[in-house]
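**Student:** The structure is given below, and queries will be raised subsequently.
The values are calculated or read from the model by the stated rules, or taken from the named source; none is laboratory data. Keep in mind that this is a model prediction, so the values were computed, not measured. Virtual Cβ from ideal backbone geometry, glycine too; neighbours counted across all protein chains shown. In case anyone asks, the SASA skips ligands and DNA or RNA and just uses the protein heavy atoms, side chains included. Shrake-Rupley method; radii C 1.70, N 1.55, O 1.52, S 1.80 Å.
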Amino acid sequence: MANAEPLASHRILIMATDGFEQSELEVPLERLQAAGAEVDIASLKSDDITGWDGDDWGDDVEVDLKIADVNIADYAALVLPGGQINPDLLRVDDAAVALIRDFDHAGKPIAAICHAPWLLIEAGLAKSKRLTSYKSIRIDVINAGAEYVDEAVVVDGNIITSRCPDDLPAFCDAIIEAVAESRVEA
């Protein structure tokens, strides 16, 4: 019988700021919590952040801690929602980029969807990896030295990538599987 909460006793971090793609934060948050994980949201500021939903601003999400205050030892994985605005703001923040590198150096799963592979590129993690992304940044991914793959979810080592909100079921499944298999408990 499968474990109904395969991520019980695991903590997962979602890093986002204003302009995150609403579904790309909310769906993983709900799926990971349903799998038993405790999920925290880290941002550039401690105030609520606002998503982007369709053609306009979406809902606010409560922030648990600032990126600068994250201790990666407390977390089993990092999730990076997309949207155009969110990763573009995060990739110019030194603390955000350093946090991504720290998760990678610790060998912990890092999951990036849509435009969030920009963050992997900025952190220097794309070279020689198999990745996917939103179609408009495909050339950015290739120019960073990655092998671009047009699939719903691509897993290469500890890096998980997906293309768009339509891929969220496969994206969430891959995160849950990676964390459950990693046996990293925080």
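**Student:** Quick one: which residue in ARG138, ARG130, ARG101 is under 14 Å from the mean Cα position of the chain (by Cα) and not polar (S, T, N, Q)?
**Tutor:** ARG101
**Student:** Consider ALA152 carefully, then state whether it is within 13 Å of the chain's Cα centre (by Cα) and under 19 Å from GLU24 (Cα atoms).
**Tutor:** No; evaluated as a whole, the condition is false for this residue.
**Student:** Please go through segment 7-23 and give me each residue that is touching a Gly at 6+ places or on another chain (Cβ under 8 Å), assigned to a strand (DSSP E or B) and open to solvent by 10 Å² or more (accessible area, probe 1.4 Å), ordered by number.
**Tutor:** Correct list: GLU21 only.
**Student:** For THR132, all conditions in the list (1) out of contact with any Lys or Arg (no Cβ under 6 Å at 6 or more places or on another chain); (2) at pLDDT 95 or above; (3) over 18 Å from GLU30 (Cα atoms); (4) surrounded by 15 or more Cβ atoms within 10 Å (Cβ to Cβ) hold save one; what is the number of the exception?
**Tutor:** Result: THR132 fails condition (1) only.
**Student:** Of the residues ALA170, ALA178, only one is in a helix (DSSP H, G or I), open to solvent by 10 Å² or more (accessible area, probe 1.4 Å), free of Cβ contacts under 8 Å to residues at least 24 places away in the same chain and not acidic (Asp, Glu); which?
**Tutor:** Criteria check complete, one pass: ALA170.
**Student:** So is LEU89 open to solvent by less than 10 Å² (accessible area, probe 1.4 Å), of a type outside the set (S, T, N, Q) and either touching an Asp or Glu at 6+ places or on another chain (Cβ under 6 Å) or not in a strand (DSSP E or B) (or both) or not?
**Tutor:** Here the answer is no, as LEU89 does not meet what is asked.
**Student:** Would a scan of segment 145-166 turn up a residue that is open to solvent by less than 70 Å² (accessible area, probe 1.4 Å) and part of a helix (DSSP H, G or I)?
**Tutor:** yes
**Student:** Taking ALA4 as meeting all but one of (1) of a type in the set (A, V, I, L, M); (2) out of contact with any Pro (no Cβ under 8 Å at 6 or more places or on another chain); (3) buried (at least 22 other Cβ atoms within 10 Å of the Cβ), write down the number of the exception.
**Tutor:** (3)
**Student:** Moving on. Among the residues of segment 7-29, count how many are under 18 Å from LEU78 (Cβ atoms) and either touching a helix residue (DSSP H, G or I) at 6+ places or on another chain (Cβ under 9 Å) or hydrophobic (A, V, I, L, M, F, W, C) (or both).
**Tutor:** Selection size over segment 7-29: 16.
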